[in-house]
Amino acid sequence: MVGKKIIGCFLILLTFSAGPLFAQDECELTLNRAQEEFNEGHLYGIPGLLSDCLERNQNAEWRQRAYLLLSETYLLLEDPLGAEQSYLNVLRANPEFLPDQSRDPIDLVYLSRKFTASPVFSFWASAGPNVSPVRVIHDVNIGGESGTKEKYTLKVGYHADAGFDYHYDERISGSLGVSFSSTVFKHTTNNLFGQNKDIVEMTDRQSWISIPISVKYSDNVGRIRPYGYVGFTFRTLLTDNANIKIFNRDTKDLTGGTEEIASSDKQSPTLNFKDKRQTFNQAVFVGGGVKYKYKLDYFFVDVRYALGLKNMVNSDRRYDDITYRWTYVDDDFRLDNLSISIGYIHPFYKARKLKHARTKSVLRKIKKDDNANN
Amino acid sequence: MLLGCDTGNRVDPVFQDHFIKYYGEDGNQEGVDIYVNSDGSMILLGNSSSLTELSIPFIVKTDSLGNVLWQHQMGGRNEKAVDVELITSGTHQGKLVVVSNVGTDTESKIRLTIVDQSGHGIDSLILPTDAWQTVKSVTPSSDNDFIVCGYAAPDPIRNSPPSPDDQADIISLRVSQSLTSVDTLSWQGGEHEGFAVKVFEVPLQGETKYALFGYSDRPVTQSVGFEDKFEVLVVDVFGQPSLRLTSGQKGEKQKAARAIRVPASQEDGYFMIGTNEDGANRDIFIAKYSNDLSVAKLAQKLPYGRKMEGVAVASAIQEEGYFLLANETQDNNNRNIFLVHIRLDGSEVWSTTFGTDDGDDTAGAVAALKDGRIAVLGTIDLETQKKMALIIVTKTGGF
């Protein structure tokens, strides 16, 4: 009994899953028949022959061929509206379709020049690591001695971005995005209170929300397409947390008159630096990368350098409890950012008739062919 | 500005004018006194200590931006510097004199050290004494001597009949600038405790006299008991007292910490700051004296609702009034540095604190700078050590 039920279910599944295959084969046969009718000049019956399958069959490649045949049919039937509508459907089935001038009829090529399916908008998303070089505006010392040295060290952060590109044309686009980033840098003070004496290490971690706006120029042919851009970004600081480590290194007398440096170290808890920072900041950036075309979408690798424009430091809060306990004071500085991203672009193709048809080159070819025939 | 680039030209270097800077070396360093030269450079005096060194004077000279020009230890072990002043005349004109206490408690002796503006020690002298002496300050006199003052072991001759409660005599000593002679200018008996915090030369009744500012519990009359009060004692060149002025609130104690001469711009005279003790309560106590020391124009405690210990005072230069420096004791007994600007009548203009509850941060000295800024020298208790701190703030106490 159970065995019969299983077999029944299997047959039902097989029926439903195989249905489209049967339909596909059937429509393929219909298209072949329509092609034969076309070749024999029996044009008037072709739209009716294909209409049923066009309603049922969603295979993009089949629909491209079917609508292409219909376009050619309507052109020969001198039905320009039908031809244009069919060609729009060709582009909907394959936004990147371009007729071959050497193979396809010249009137189809001419028709194609009135249409495009290039994307108006593209969605993109990316993520990757970054580092944040510090550019000091004014050096501010916590120690009065000239021998005190300071340096900044790069630390790796990360970021995730998403946005939309508006395509002015196939090469130039404008981009608006939103970015979350975590940036890190380390500030080290050496020789505090004497040569080879105290060291203070401050590791500062920020999180940001940014709104980048840019203008991009891209190559538009080939599988690998380089691009470059310049832009401007508004940045809002969400959090700023720091950890400070003090190496209090004093000379320790040893027996025999020798000395060594003995260090008593202290690590701070996580300190909130948000009030010590300006909340809003800006940057200009330049970047570039390569897009790799995958089917109708793209993967890309991007490198961007952003130059921070504003002083990060809220000078009203430069000196506070942190100064009184952890021997640290901020320089005035701008925070740059070098980021590497790996991302994905999904263009929103839109088949549409052009306001200004690009038919001049086709007309020139027609004239050239006429001259050659004469 | 919403858009634009912050560059060195567009970001005001306010940190050069208003800042906190720490000074020191191995171990801990406290800040006790500051002297501002006419060129804006500053002499910071303090003491250094570590596990192996009890205390040794530490002196720093900075430029007007607080950058160290030179710094070093001076004196000897178990020595505490308390005051630095400019020598205004004589062979050492332009140099500095530092006073310090060598040894502690009943072994304390006074040392004078002359240092030039490059930090080189010129000469020093431990004042010879048979009993302990403790110095509070030094004043270069117009006749090129140094007048030091403080307190000393009670002298039985000056305290008759002797009392078991007698702890100290108020003293003032005259030391020649060549450090070759030491004379007693004034040796006050009769008090159980007290000390002079500063001596000023005062022209009174056509002659040069010396006013010892400090505090004493010596009764004004025999009918009242011993109780600490601010005291100004005027003596002539032979140490003979000609005037005694006490001020304070009956039933409470007033202990002096520092006294300054008030310039004409602040109505001339003298100003003394200290602490009013009323049981466990502590408040800043101030007194303002007329130029002829005939009257105390102002003698009051300044209740701020917290435990306060008056430490130092400076006359404002561009503003009216005075800048008072105090130690503010927190609930956990740690102290913060408290700076308040008061008007001539004692009312507050503004106040601010430096330091954190987690550290025991203490006040040293305050100076009003010509351009209106205020320099505070103190000791900040950092996470791993104490360091001498120079804090320079705006004329309203901010950065």
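Checked against the criterion of being aliphatic (A, V, I, L, M) and within 14 Å of another protein chain (Cβ to nearest Cβ), the stretch B:312-335 contains not a single residue that satisfies it. Among all residues of the stretch B:254-277, there is none that is surrounded by fewer than 16 Cβ atoms within 10 Å (Cβ to Cβ), within 16 Å of B:Gly190 (Cα to Cα) and of a type in the set (Ser, Thr, Tyr).
Taking the criterion of being small (Gly, Ala, Ser), buried (at least 18 other Cβ atoms within 10 Å of the Cβ) and either assigned to a strand (DSSP E or B) or touching a residue at least 12 places away in the same chain (Cβ under 8 Å) (or both), the residues of the stretch A:129-152 that qualify are A:Ser132, A:Gly143.
Taking the stretch A:204-257 as the range and being without any contact (Cβ under 8 Å) to a residue 24 or more places away in the chain, away from chain B (no Cβ under 14 Å) and over 29 Å from A:Val120 (Cα atoms) as the test, only A:Gly256 passes.
Within the stretch B:223-241, residues that are among the aromatic types (Phe, Trp, Tyr) sit with their Cβ atoms under 7 Å from residues that are part of a loop (DSSP other than H, G, I, E, B), at 6+ positions apart or across chains, in these pairs: B:Phe226/B:His192; B:Phe226/B:Asp217; B:Phe226/B:Pro219; B:Phe230/B:Gly248. Among the residues of the stretch B:47-59, is any of a type in the set (S, T, N, Q), farther than 30 Å from A:Gly308 by Cα, more than 8 Å from every other protein chain (Cβ to nearest Cβ) and touching a Leu at 6+ places or on another chain (Cβ under 8 Å)? Looking through the stretch B:47-59, none of the residues is of a type in the set (S, T, N, Q), farther than 30 Å from A:Gly308 by Cα, more than 8 Å from every other protein chain (Cβ to nearest Cβ) and touching a Leu at 6+ places or on another chain (Cβ under 8 Å). If you go through the stretch A:330-342 one residue at a time, do you hit one that is assigned to a helix (DSSP H, G or I), within 11 Å of chain B (Cβ to nearest Cβ) and charged (D, E, K, R)? No, the stretch A:330-342 has no match at all.
Scanning the stretch A:259-277 for residues that are surrounded by 15 or more Cβ atoms within 10 Å (Cβ to Cβ) and part of a loop (DSSP other than H, G, I, E, B), we see that the one that is nearest to the other protein chains (Cβ to nearest Cβ) is A:Ser268. Put simply, of B:Gly4, B:Gly76, B:Gly103, B:Gly90 the only residue that is over 19 Å from B:Thr379 (Cα atoms), surrounded by fewer than 16 Cβ atoms within 10 Å (Cβ to Cβ) and either more than 12 Å from chain A (Cβ to nearest Cβ) or among the hydroxyl-bearing types (Ser, Thr, Tyr) (or both) is B:Gly76.
Can you find even one residue in the stretch B:234-251 that is of a type in the set (Lys, Arg) and crowded, with 24+ Cβ neighbours inside 10 Å? There is no residue in the stretch B:234-251 that is of a type in the set (Lys, Arg) and crowded, with 24+ Cβ neighbours inside 10 Å. Considering the stretch A:1-43, the residues that are among the hydroxyl-bearing types (Ser, Thr, Tyr) and surrounded by 10 or more Cβ atoms within 10 Å (Cβ to Cβ) include one that is modelled with the lowest pLDDT, namely A:Thr15.
Could you run through the stretch B:145-183 and say how many residues are small (Gly, Ala, Ser) and closer than 22 Å to B:Glu107 by Cβ? Count: 5. Right, A:Lys310: at pLDDT 90 or above, in a strand (DSSP E or B) and charged (D, E, K, R) or not? No: the conditions fail for A:Lys310. B:Asp292 satisfies every condition listed in (1) at pLDDT below 95; (2) charged (D, E, K, R); (3) within 21 Å of A:Tyr324 (Cα to Cα) except (3).
Which of the residues that make up the stretch B:73-104 are in contact (Cβ under 8 Å) with a residue 12 or more places away in the chain, in a loop (DSSP other than H, G, I, E, B) and more than 17 Å from B:Gln29 (Cα to Cα)?
So the first thing to find is which residues in the stretch B:73-104 are in contact (Cβ under 8 Å) with a residue 12 or more places away in the chain, and the list is B:73-92, B:94-104.
Retained after the next criterion (residues that are in a loop (DSSP other than H, G, I, E, B)): B:74-78, B:87-92, B:94-95, B:103-104.
Across the stretch B:73-104, the qualifying residues are B:Ile87, B:Thr88, B:Ser89, B:Gly90, B:Thr91, B:His92, B:Gly94, B:Lys95, B:Gly103, B:Thr104.
The values are calculated or read from the model by the stated rules, or taken from the named source; none is laboratory data. All values derive from a computational prediction rather than experimental measurement. All Cβ positions, even for glycine, are placed from backbone atoms using ideal geometry, and neighbour counts span all protein chains on display.
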